[in-house]
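Visitor: Encoded as structure tokens, here's the structure I'll be asking about.
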Amino acid sequence: MALNPFLSMRFPLLTVTVAIIISARYFGSGPSIAATIAGAIAGSFLFDSGRLASSSESLGLVPYLVASFLVIWMMEALRQSRRHAEERLAHVRAESTRREREQRFAAQLRAIVESSDDAIVSIDLNGNIASWNRAAEDIFGYTAEEVIGKPISTLTPADRAHEEAEMIALIQCGGHVKTFETIRKRRDRSQIEVALTISPIHNDDVSLAGVSYIARDITERKQFEQRLTQTQKLESLGVLAGGLAHDFNNLLTGIMGNASLALQMRTPEAARERIAEVLRASERVALLVKQMLAYAGKGAFVLEPVDLSQQVREIVPLIRASIAHAVALEMQLTDGLPRIEGDRSQMQQIVMTLIMNAAEAIGDGPGTVVIVTAATASGGERLVVFEVRDNGCGMDDATKARIFDPFFTTKFTGRGLGLAAALGIIRALHGEITVESAPGRGSVFRAVFPVSEDPARSTAAFPA
């Protein structure tokens, strides 16, 4: 009895089956099907007897074909499954990498926002604060918990309440807002100067999500610019005043000399009175020239160590008779104050000018002028402070900006040279003077002088 051709050819067909599996594993279904067909053809012709298989005997190849196609299907399914798994894994890895990159980017943005010295705030389309960084807390004084959800107008002075609303409306219409300088208020109601940059925040679909609000505190920069401008202006005026005073002085010398000679001559009495009036007017002009020279820092100084507290004690009784009785003078003078290098007559002019101005700011009173002397230190330099405070009418910013200008005065009878001359003297002595004032809150004039290098004894203690 002849063997089943599949069994009789089991070893050659087994080899073909291995080829089918390998083809299905590495090359796909096409090559593996070709290998199956080739095996079936070979099985139809190759038998142990060497004769051609009959139809009934060829049916023995059916199991081989079924098994082969099953193997091909399974290997193809495994290959497809593995490919899909690899694609899913690659997608997961790519998505994970993208999320990590976005997280790192977001963390970097948060770090940039939180470490910035500028206030960075986001605002929703209703004008309410949505985020608030650490610099915003430092600049405006509010914590994030206090302002998030509140309108951005919380930071806006009443006279500028329209600014944010106009900017947000412009951005909503697609407009662009250039960086501009303005005033904002802090939690303590004090005002600061800021440079504002307002920009749109867009969603992924380019729709408007909100507005970014970046504020840079430029208060110190503006104050420095104002001081620099004031210094340059005063220097220019000083040069002008010095030149005029020099020319006036030369002219006055001739006028006063000739007038004096005329009085010594035999002159009619009526003429003598006129000449005497010329001399008196010339002396008043000479005093103005002296003040102009003092403002220009070109006055004649006789420098010596001066105890400022003692100088104030000597001058105040003389001033007392010239001011209203309702104005009280309160002295807070430091004993044993270190000496400063100065001219006694010029220091007397400074003291009298500042005290008289303070008393006149109070008017008929009642009010108080506080006079303070003290020792202090700044940047390792020893200093002496002379401060005059009053609770008078105060000054607005416009007046304060011009208070040291020559010939500027708020008094009907004033010449406008007192404070200008005081400033010139203080600058010539390498000192500084500052003013703090507001309408209805009085004024504080604070002059600071370097301590003299003279080894004169002093017992006042310098603060650390």
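Visitor: How many residues does the stretch 200-230 contain that are open to solvent by less than 40 Å² (accessible area, probe 1.4 Å) and more than 18 Å from the chain's Cα centre (by Cα)?
Guide: 2
Visitor: Go through the stretch 377-401 and count every residue that is under 22 Å from Val316 (Cβ atoms) and not aliphatic (A, V, I, L, M).
Guide: Going through the stretch 377-401 one residue at a time, the tally reaches 6.
Visitor: Name the pairs: first residue in the stretch 387-405 and in a loop (DSSP other than H, G, I, E, B), second residue open to solvent by 50 Å² or more (accessible area, probe 1.4 Å) and acidic (Asp, Glu), Cβ to Cβ under 6 Å, at least 6 apart or on different chains?
Guide: Final answer for the pair search is none.
Okay, residues lined up against (1) of a type in the set (D, E, K, R); (2) under 28 Å from Ala169 (Cα atoms); (3) modelled with pLDDT of 90 or more:
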position	(1), (2), (3)
Ile192	no, yes, yes
Ala195	no, yes, yes
Asp205	yes, yes, no
Ala209	no, yes, no
Ala215	no, yes, yes
Leu234	no, no, no
Leu240	no, no, no
Ala245	no, no, no
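Visitor: Provide a single number: the residues in the stretch 425-438 that are over 27 Å from Thr368 (Cα atoms) and either at pLDDT 85 or above or under 33 Å from the mean Cα position of the chain (by Cα) (or both).
Guide: The total comes to 3.
Visitor: Separate question: Determine whether the stretch 367-374 contains at least one residue that is among the polar types (S, T, N, Q) and either under 31 Å from the mean Cα position of the chain (by Cα) or not in a strand (DSSP E or B) (or both). Please lay out each step first, then the result.
Guide: Kept after step one, since they are among the polar types (S, T, N, Q), are these residues of the stretch 367-374: 368, 373.
If we keep only those that are either under 31 Å from the mean Cα position of the chain (by Cα) or not in a strand (DSSP E or B) (or both) too, we end up with none.
Taking every residue of the stretch 367-374 in turn, none turns out to be among the polar types (S, T, N, Q) and either under 31 Å from the mean Cα position of the chain (by Cα) or not in a strand (DSSP E or B) (or both).
Visitor: Take the stretch 381-411 and flag every residue that is open to solvent by 50 Å² or more (accessible area, probe 1.4 Å), more than 30 Å from the chain's Cα centre (by Cα) and closer than 11 Å to Ser437 by Cα.
Guide: Of everything in the stretch 381-411, those that are open to solvent by 50 Å² or more (accessible area, probe 1.4 Å), more than 30 Å from the chain's Cα centre (by Cα) and closer than 11 Å to Ser437 by Cα turn out to be Arg389, Asn391, Cys393.
Visitor: May I ask you to say which residue of Ala165, Ala119, Ala107 is touching a residue at least 24 places away in the same chain (Cβ under 8 Å) and more than 22 Å from the chain's Cα centre (by Cα)?
Guide: Numbers: Ala119 fails: more than 22 Å from the chain's Cα centre (by Cα); Ala107 fails: touching a residue at least 24 places away in the same chain (Cβ under 8 Å).
From the options Ala165, Ala119, Ala107, the qualifying one is Ala165.
Visitor: Okay, next question. Hey, can you tell me all the residues within the stretch 439-464 that are modelled with pLDDT of 85 or more and open to solvent by less than 60 Å² (accessible area, probe 1.4 Å)? Full working, then the answer.
Guide: Just the residues of the stretch 439-464 that are modelled with pLDDT of 85 or more, to begin with: 439-451.
Hits for the stretch 439-464 are Gly442, Ser443, Val444, Phe445, Ala447, Val448, Phe449, Pro450, Val451.
Visitor: Here is a further query. Out of all the residues in the stretch 238-249, is one or more assigned to a helix (DSSP H, G or I), aromatic (Phe, Trp, Tyr) and free of Cβ contacts under 8 Å to residues at least 40 places away in the same chain?
Guide: no
Visitor: A further question on this structure: Could you grab me the full set of residues in the stretch 323-339 that are open to solvent by 30 Å² or more (accessible area, probe 1.4 Å) and within 42 Å of the chain's Cα centre (by Cα)?
Guide: Answer for the stretch 323-339, where residues must be open to solvent by 30 Å² or more (accessible area, probe 1.4 Å) and within 42 Å of the chain's Cα centre (by Cα): Leu329, Glu330, Met331, Gln332, Leu333, Thr334, Asp335, Arg339.
Visitor: Hey, Gly299 hits all of (1) at pLDDT below 80; (2) loosely packed, with under 13 Cβ neighbours inside 10 Å but one; which does it fall short on?
Guide: Just one mismatch for Gly299, condition (2).
Visitor: Against the condition of a type outside the set (A, V, I, L, M, F, W, C) and touching a strand residue (DSSP E or B) at 6+ places or on another chain (Cβ under 9 Å), how does Arg227 come out, does it pass? Explain how you work it out, then say what you get.
Guide: Values: of a type outside the set (A, V, I, L, M, F, W, C): yes; touching a strand residue (DSSP E or B) at 6+ places or on another chain (Cβ under 9 Å): no.
No: the conditions fail for Arg227.
The values are calculated or read from the model by the stated rules, or taken from the named source; none is laboratory data. Computed from a predicted structure; not experimentally measured. So basically every Cβ, Gly included, is an ideal-geometry build from the backbone, and we count neighbours across all protein chains shown. Keep in mind that these areas ignore ligands, DNA and RNA; they rest on the heavy atoms of the full protein, side chains included. Shrake-Rupley method; radii C 1.70, N 1.55, O 1.52, S 1.80 Å.
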